[in-house]
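The values are calculated or read from the model by the stated rules, or taken from the named source; none is laboratory data. Because the structure is predicted, anything quoted here is derived from the model rather than measured. Every residue, glycine among them, receives a Cβ derived from its backbone with ideal geometry; neighbour counts consider all protein chains shown. The accessibility values were calculated without ligands, DNA or RNA, using every heavy atom of the protein model including side chains. Shrake-Rupley method; radii C 1.70, N 1.55, O 1.52, S 1.80 Å.
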Amino acid sequence: MELENHKRKKTRENLSPTFSSRPTSTRTIINQYFTSDIVCHILSYLDQFDLIRCSTVCKSWHDTIHSSHLLTLQYWKRKVDALGLSSVVGTVSESTVNKYLEEIAMKQHNLCLQNESVIVNQWNGCHSVGIDQFRMKMGLVLSGLEDKVMRIWSLDSFKCLEEYSVPKLELADFDFDESKIVGLVGTRICIWRRHSGKRSMSQEHAGTAVRGFCMRYIDPEAVVGCGDGTARVFDMYSRNCSRIIKMHNGPITCMALTDDELVVSGSSLGSIRVADLSSDQVAGTLRSAGPAGIKSLCYNPGSYSVFAGSTSGHAYCWDLRTMKPLWEKKIIVGGIDGVLRILNQGTGEITSSYVMDKNGMFMGRASSSSSSSSSNNNRGAFIEKMVARKLSGDVTTDIDRIPKDLRPPITCLAVGMKKVVTTHNNKFIRLWRFQ
């Protein structure tokens, strides 16, 4: 079993370049005029946040920042200021520095989510029947589902960068990375090569053509939640179903994967279970069958927390290490009432709520310079810039006083650092920037 897991891990490393945090480009214009020592001297004037941003610009800057230990120097500088000392002498591991920087980033992120007002950019997703699902990563949003078209949008320019057609089959779920889009189409796994648009599809096998409801993947494997309560593991490149794990008595409606090869799945019967992909066995149960089905699942690797939302409007949280519940709330988090709510993930308490401000609905409008282009790769979007305000008091009792045009129902939601992206029944995509 250990040898099999080792091979699986090596295969994943060889086949997938997409999970590396190191940039792939090798040279920038500034490197043509300045030596690495001069670049290092210039970068030494930046704080830790700007250094992290610069380390993603190109491989040369990434190597310069890490080889000169600029982030470590920033770590000690903040320690000296915090302790009120003249100097600190010692060594520190890279993991300690990374953990420290992550803690600072999360503190700033949490403070931003308490702002009194938020800048919101809104544009039309150009889908004929609305947006049923979307995924956000790397400053990009992948949207689509029912209208047989998937689009990748830039959160910086709001342009549609790429567009892909879907076969005349039901697209149940999708996800993407730097090189490809992986979709669950009917009973098959479909892969679109980004930028080239080439598509490949796995074949149905006799006796295994069970409808899939949801899908998650970590190269080279994709896990599909099926209508018969099984999680089916596919090798995306050999296009074969390698394993079948029985997890529920009813259809699997949502899933989440962890880096430790665990799959967390929820069912239409309300149960949530955890399976170990290395042993193909169910490892535990977070929730037995309940009166309401599980609609969504999310895993936070930083806190080892599993979050779930039910069809009855309940939100749940468990600690995956102990598999014990942390809290349960009857709450709509970004739902049919159109209010964006921020929750404390440790307690489940609402810390802030937001809706559009009618006095700042249209601060200005900007049209992409390429909006007149008919090319899909340069599709422009008409952008509306708005302001959202923080609500005070009990939102539940005062909700009817807020006009419905200021709070269209939220159909999908994703959270990034200092930003939230939502989609709405009226086909619009909103980017909420918490400065």
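Brief remarks on what is shown
- Here the range 246-304 is treated as a sphere whose radius is the Kirkwood value from Cα pairs; by Stokes-Einstein at 10 °C and 1.306 mPa s it diffuses with a coefficient of 138 µm²/s.
- On a per residue basis, the range 268-321 carries 42 Å² of accessible surface, using protein heavy atoms and a 1.4 Å probe.
- Eligible lysines near K198 by straight Cα distance, threshold 25 Å, same-chain separation 8 or greater: K137, K148, K159, K168, K180
- Heavy-atom accessible area ranking, 1.4 Å probe, most first, across F382, F307, F213: F382, F213, F307
- Surrounding net charge for S196, when Lys and Arg each add one and Asp and Glu each subtract one, Cβ distance under 14 Å: +2
- Solvent exposure ordering (accessible area, 1.4 Å, most first) of I191, I38: I38, I191
- Once the Cα-Cα distance is subtracted from the 0.36 nm per residue extended length, the F49 to W327 segment shows a gain of 96.8 nm.
- Taking the range 306-325 and a reference point 7 angstrom along Cα→Cβ of I336, the backbone N atoms nearer than 20 Å belong to 308-316.
- Approximate spin-label separation D156-K390, in nm, with each point projected 7 Å along Cα-to-Cβ: 3.0
- The alpha carbons of the range 314-354 occupy a box of 34, 17, 12 Å along the principal axes, longest dimension given first.
- The range 121-248 - percent of accessible surface contributed by carbon and sulfur, probe 1.4 Å: 48
- Accessible area (Å², per residue) of the range 134-201, counting only protein heavy atoms and a probe of 1.4 Å: 37
- For C126, distant residues with modelled amide H under 5 Å away: none
- Net +/- balance of residues flanking D228 in space, Cβ distance below 12 Å, scoring K and R +1, D and E -1: +3
- Most to least packed among 336-349, 40-53 [average Cβ atoms within 10 Å]: 336-349, 40-53
- Of the trypsin sites (Lys or Arg not before Pro) found in the range 219-276, those in coil by DSSP whose Cβ has at most 15 other Cβ atoms within 10 Å are R239.
- 10 Å beta-carbon shell around I244, net charge (K/R +1, D/E -1): +1
- Packing around the peptides 287-293, 215-221, taken as the average count of other Cβ atoms within 10 Å per residue, puts them in this order, highest first: 215-221, 287-293.
- Reported value for the range 127-280: 116 Å³ per residue, from the convex hull of its C-alpha atoms.
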